[in-house]
Amino acid sequence: MSLVERVRQELAEYEHPFFEFDARAKGEGVEMVIRSKNPNVLSPEYRITLSERAIQSSQFRWTFQKLLYDSLADYIVELFTKNP
């Protein structure tokens, strides 16, 4: 399984009514993307790059969950601070 496939497999475990998640290759790692399902937001994407080492870790599943939740919180804060 490729790194992107592994991240997508983890993302498939999560659904959100306002956000969608995706992953794509970026250099030697994987870029995780969080997008608003609302097309009218000014900050359409939040991106974070995961290293190959982090993805291959035996603890990836648990560290990924925390990273996803932290990234989602950061994205929400970013949306509210950029959009009056």
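The values are calculated or read from the model by the stated rules, or taken from the named source; none is laboratory data. As the structure is a computational prediction, the values presented were derived from the model and not from experiment. Here the Cβ is made from the backbone with ideal geometry for all residues, glycine too, and neighbour counts use every protein chain on show. The area values use the complete protein model at the heavy-atom level, side chains included, leaving out ligands, DNA and RNA. Shrake-Rupley method; radii C 1.70, N 1.55, O 1.52, S 1.80 Å.
Values for this structure:
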| item | result |
| --- | --- |
| Matching residues in segment 57-84 - criterion: being among the aliphatic types (A, V, I, L, M) and surrounded by 15 or more Cβ atoms within 10 Å (Cβ to Cβ) | Leu67, Leu68, Leu72, Ile76, Leu79 |
| Segment 1-56, residues that are open to solvent by 40 Å² or more (accessible area, probe 1.4 Å) and of a type in the set (S, T, N, Q) | Ser2, Gln9, Asn38, Asn40, Thr49, Ser51, Gln56 |
| Segment 47-67, residues that are assigned to a loop (DSSP other than H, G, I, E, B) and either under 15 Å from Glu78 (Cα atoms) or touching a strand residue (DSSP E or B) at 6+ places or on another chain (Cβ under 9 Å) (or both) | Ser51 |
| Pairs, first within 17 Å of Glu5 (Cα to Cα) and basic (Lys, Arg) in segment 57-84, second open to solvent by less than 70 Å² (accessible area, probe 1.4 Å) and modelled with pLDDT of 90 or more, C-beta under 8 Å, six or more apart | Arg61/Glu10 |
| Residue list for segment 31-46, filter: more than 18 Å from Arg6 (Cβ to Cβ) and either part of a strand (DSSP E or B) or out of contact with any helix residue (DSSP H, G or I) (no Cβ under 8 Å at 6 or more places or on another chain) (or both) | Arg35, Ser36, Lys37, Asn38, Pro39, Asn40, Pro44, Glu45, Tyr46 |
